[in-house]
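Below is one structure, written out as structure tokens; comments come after it.
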Amino acid sequence: EACALAAAPDGSALAVALDDGAGTVVLMSTATLSDELVVQRAEPLNVYALAFSPNSQWLAVGTGDGTIEIYAALDGCRLHGVCRALDAPIRALDWSADSIVIMANSDEFDLGFFDARSCEQLPAPATRNAEWASWSCAVGWASKGIFARFENPRDVQCIGRSTDGSTLAVGDAFGGVSLLSFPAVSFVAGAVSYVAHGGRVSAVAWSASDGALFTVGADDGCVMQWRHSLGDDEGGGGLVAYGASASGVLQYGSGGKQHSGSGMQYGAEQYNGGGMQDGGALEYGGEYGGVAGGGWG
């Protein structure tokens with residue numbers, strides 16, 4: 001079985017982490033879907049997250065001991081270095097648009113930033129102006145508003161930012177899929193929700209054009225494809241499951257960050273130039289971006 005999957009942005013390769021107890025990672029060509037390279041270890045080590053850099057040259061591997069291994073994907077999958085990252089298993093990884101900085105989340109809601117060239121940890125302020133190629137780390141300034149919607153932060157199972165950067169999809173422990181304006185720094189970021197799966201939603205992913213959203217149910221074993229359309233400023237966009245009777249349509253508008261639908265409506269959310277904002281359900285503590293407060297227990 002596979003426990004993590006990543007696709008190279010240039011479409012050339014897939015990386016698959018196997019749930020074999022040994023932490024095996026297989027790199028395969030998308031043209032042949034045959035094994036090209038296999039990363040194996042002398043000591044057993046679980047792998048929970050994979051992420052290619054935007055230039056497709058590097059593969060980041062998040063492990064069960066809290067380290068991030070960086071491999072040269074175009075150079076025989078040679079090990080470039082290891083980031084001595086966080087104190088719990090790595091669950092999510094994102095790269096900066098310039099393929100230099102890695103953002104990571106752990107099982108214990110830790111947040112860390114790392115220079116992929118030196119494998120050194122970076123202080124959080126050093127990444128303030130970073131442009132991120134993706135956003136799958138739930139613990140972060142641009143997504144901290146999602147936690148205010150749940151009594152237990154572990155109910156947030158997965159997130160994924162749309163390709164155009166305007167919308168955040170959230171999968172939860174109750175089978176729900178929600179859409180929020182991005183950045184979602186406040187619980188009034190505007191959200192609509194739809195119960196999609198019979199249990200936990202383990203993964204969400206957008207198509208390159210944002211015309212479709214894919215969701216994976218961990219308990220029901222289903223992969224759902226949703227047709228996604230963005231309405232005008234008055235609303236009218238939607239997210240509809242293919243092959244489902246879907247009586248509810250997730251509707252939201254674009255211009256004013258005002259969303260409505262599924263019996264939920266919030267006013268327009270204003271952002272200060274996309275800059276970092278304090279408060280909300282999540283606050284940063286410490287130089288390197290560790291999380292404190294906000295009901296983590």
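No value in this document is a laboratory result; all are computed from the given coordinates. As the structure is a prediction and not an experimental result, all values here were calculated from the model. Cβ placement follows ideal geometry from the backbone for every residue including glycine, while neighbour counts extend to all protein chains displayed.
A few notes on this one:
- A simple spin-label model places the labels of residue 31 and residue 97 3.0 nm from each other, with each point 7 Å out along Cα-to-Cβ.
- Residues with amide H under 5 Å from that of residue 111, placed H, sequence gap 5 or more: 291
- Computed lengthening from residue 3 to residue 65, 0.36 nm per intervening residue step minus Cα-Cα distance: 20.7 nm
- Between residue 154 and residue 19, the FRET efficiency estimated from the beta carbon spacing at R0 = 22 angstrom works out to 0.60.
- Here the stretch 105-193 yields Rg over Rh of 0.98, to two decimals, using C-alpha coordinates and the Kirkwood radius.
- Rg/Rh for the stretch 42-140 stands at 0.93; both radii use Cα atoms, and Rh follows the Kirkwood definition.
- Proximity of backbone amide H atoms, modeled 1.01 Å from N, is registered between residue 80 and 70, 71, 72 at under 5 Å, excluding neighbours fewer than 5 places apart on the same chain.
- Overall, the ratio between the Cα radius of gyration of the stretch 185-229 and 2.2 N^0.38 Å, rounded to two decimals, is 1.28.
- The amide H of residue 167, built 1.01 Å from its N in the peptide plane, has 162, 182 as neighbours under 5 Å, considering only residues 5 or more places off or on other chains.
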